[in-house]
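To keep things clear, I will list the structure first and then write my remarks on it.
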Amino acid sequence: MSQMILESPQTSNTSGRKSLALVLTLAITGSAIYGLSNDNSPRLEIDDKVTGSPTSRAVTAANAFLEALDDKQKEKTLFDFTSGKKSNWSNLPASFVPRNGVKLGDLSKDQRALAFKVLASVLSKSGFQKMIDIMEGDQRLLDNNPGKGGKGGGKGGGGPMFGSDLYFLAIFGKPSETQPWMLQFGGHHLGLNVSIVGKHFILTPTHTGSQPALYKRDGKEVRPLGLENDTAFKLVNSLDEKQKAAAILSSRPQQELLLGPGRDGRKIEAKGIKGSALTDEQRTMLLDVIAAWIDITEPDSAALRMAEIKEKVADTYFAWSGPTEKGSAAYFRIQGPSIVIEYAPQGSADHIHTVVRNPADDYGVGTAKDMK
């Protein structure tokens, strides 16, 4: 048996500060228990000694979750694979933009544990941890803005804004090892769309965000998007003056995601410095930036995806807007034949929006077509 442990944000009370840990214990071949604990040493451990293919494990986890739901919950959770509601994801709070799926806050402890088990089955360890860190950041927004949280949400037009209860899980299609299906999970600053087509786990389109961009858990710094930030600043600061002239589009950071939620099918011009104008070492750095997103998903599938991107790295562009001093608020974009990534600070380095897309395979449509 292995454990996934998330320490929740410290919450204020009349006697001072206290902290609790949200504990998710997973036995890949056994039962799952979710509850509260006083264990303040957050960690994520997933048993590597599991049987079956990644796809079969995801199917098993999804079916176990669905079997634990009542009829009303299933009705909220299940959609046809071809449903147009796939595009109903966002970075905004669920009180502003209604989400597909069943709300975590409406699930029992056991159901919630099974929901997390489904997510763990389609994500890497680091990807699962990133998801948890983003949700915990949102819980901290709730704790710092108690009038903006609580029960409810997801109906649009007002209501609670923040908190780890306000995330929603939906399944499009029937979980299958041979037919395409998709898992959608999201709330404030998180919109995961993972399409499963045979052995392929397609992450696009997906939004990851962070506010705050840095907080402390048990005295240690947590930066949900720290890897994305650090690898990009390392790359831009490796450029010589001629390369910077090509890569840097503006001294002021762009705040808008050009291909963010609600912009399916939009095309933008590739700008910046082309991979062919980078040194071998810099192209490796560019791949490191890209991997910060690709590695969110199931490891075997992520490795195949990175190999595909590496083949076209010479045709992949890197563009920058804003200062280049580490810690500054700066926008960057990566655009290649099968990948677009945007990273956009929202007025400060402490509030970040990002998106990753594959225009030819968002929602797994390209892979599903190829497998017919």
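The values are calculated or read from the model by the stated rules, or taken from the named source; none is laboratory data. Quick caveat: nothing in here was measured; it's all calculated off a predicted structure. Using ideal geometry, Cβ is built from the backbone for each residue, glycine included, and neighbour counts are taken over all protein chains shown.
Yes/no matrix, rows are residues, columns are (1) aromatic (F, W, Y); (2) surrounded by fewer than 23 Cβ atoms within 10 Å (Cβ to Cβ):
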| residue | (1), (2) |
| --- | --- |
| L287 | no, yes |
| I290 | no, no |
| P299 | no, yes |
| R305 | no, no |
| P323 | no, yes |
| A329 | no, yes |
| Y343 | yes, no |
| A349 | no, yes |
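Answer yes or no as to whether N229 is at pLDDT 95 or above, out of contact with any Pro (no Cβ under 9 Å at 6 or more places or on another chain) and of a type outside the set (A, V, I, L, M, F, W, C). Break it down into steps so the answer makes sense when it comes.
Numbers: at pLDDT 95 or above: yes; out of contact with any Pro (no Cβ under 9 Å at 6 or more places or on another chain): yes; of a type outside the set (A, V, I, L, M, F, W, C): yes.
Considered against the rule, which asks whether it is at pLDDT 95 or above, out of contact with any Pro (no Cβ under 9 Å at 6 or more places or on another chain) and of a type outside the set (A, V, I, L, M, F, W, C), N229 comes out as yes.
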Checklist entry - Looking at K216, is it surrounded by fewer than 19 Cβ atoms within 10 Å (Cβ to Cβ) and in a strand (DSSP E or B)? => result yes
Checklist outcome for this item: Residues of the range 253-304 being of a type in the set (K, R) and in a loop (DSSP other than H, G, I, E, B), in sequence order, are R263, R266, K267, K271
Item to check | Filtered residue count, the range 237-248, keeping only those that are within 27 Å of the chain's Cα centre (by Cα) and hydrophobic (A, V, I, L, M, F, W, C) | outcome: 2
Next on the checklist: Can you tell me which of (1) touching a Pro at 6+ places or on another chain (Cβ under 9 Å); (2) under 30 Å from P93 (Cα atoms); (3) not basic (K, R) is the one S251 doesn't meet?
Outcome noted: (2)
Next on the checklist: Out of T204, T208, I need the residue that is assigned to a loop (DSSP other than H, G, I, E, B) and either under 17 Å from the mean Cα position of the chain (by Cα) or not acidic (D, E) (or both). Which one?
Outcome noted: T204
Checklist entry - Is it the case that the range 226-237 has a residue that's in the same structural domain as A330 (by TED's automatic domain parsing), assigned to a loop (DSSP other than H, G, I, E, B) and either of a type in the set (D, E) or over 15 Å from G101 (Cα atoms) (or both)? => result yes
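Rundown of residues vs (1) part of a loop (DSSP other than H, G, I, E, B); (2) within 23 Å of M182 (Cβ to Cβ); (3) free of Cβ contacts under 8 Å to residues at least 40 places away in the same chain, yes/no style:
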site	(1), (2), (3)
M306	no, yes, yes
F318	no, no, no
P323	yes, no, no
K326	yes, no, no
Q335	no, no, no
I341	no, yes, no
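So is E311 under 18 Å from R223 (Cβ atoms) and free of Cβ contacts under 8 Å to residues at least 12 places away in the same chain or not? Before the answer, list the steps.
Details: under 18 Å from R223 (Cβ atoms): no; free of Cβ contacts under 8 Å to residues at least 12 places away in the same chain: yes.
No; evaluated as a whole, the condition is false for this residue.
Residue-wise test of (1) within 25 Å of Q184 (Cβ to Cβ); (2) touching a strand residue (DSSP E or B) at 6+ places or on another chain (Cβ under 8 Å); (3) among the basic types (K, R); (4) touching a residue at least 60 places away in the same chain (Cβ under 8 Å).
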site	(1), (2), (3), (4)
D218	no, yes, no, yes
I273	no, yes, no, no
T284	no, no, no, no
T297	yes, yes, no, yes
A303	yes, no, no, no
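In the range 103-138, how many residues are part of a helix (DSSP H, G or I), of a type outside the set (G, A, S) and closer than 24 Å to V356 by Cα? Full working, then the answer.
Here is the first cut: in the range 103-138, the ones part of a helix (DSSP H, G or I) are 104-106, 109-122, 125-138.
From the residues that got through so far, the ones that are of a type outside the set (G, A, S) too are 104, 106, 109-112, 114, 116-119, 122, 125, 128-136, 138.
Next, from what is left, pick out any that are closer than 24 Å to V356 by Cα: 116-119, 122, 125, 128-136, 138.
Residues flagged as part of a helix (DSSP H, G or I), of a type outside the set (G, A, S) and closer than 24 Å to V356 by Cα within the range 103-138 amount to 16.
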Next on the checklist: Could you list, ordered by first residue, the pairs with Cβ atoms under 6 Å in which the first is in the range 44-72 and farther than 15 Å from Q179 by Cα and the second is at pLDDT below 95, at least 6 apart or interchain?
Outcome noted: L44/M4; E45/S2; E45/Q3; I46/S2; D47/S2; D47/I28; V50/I28
Checklist outcome for this item: Flagged in the range 63-107 as surrounded by fewer than 18 Cβ atoms within 10 Å (Cβ to Cβ), more than 25 Å from Q139 (Cα to Cα) and in contact with a Ser or Thr (Cβ under 9 Å, 6 or more places away or on another chain), in numbering order, are L66
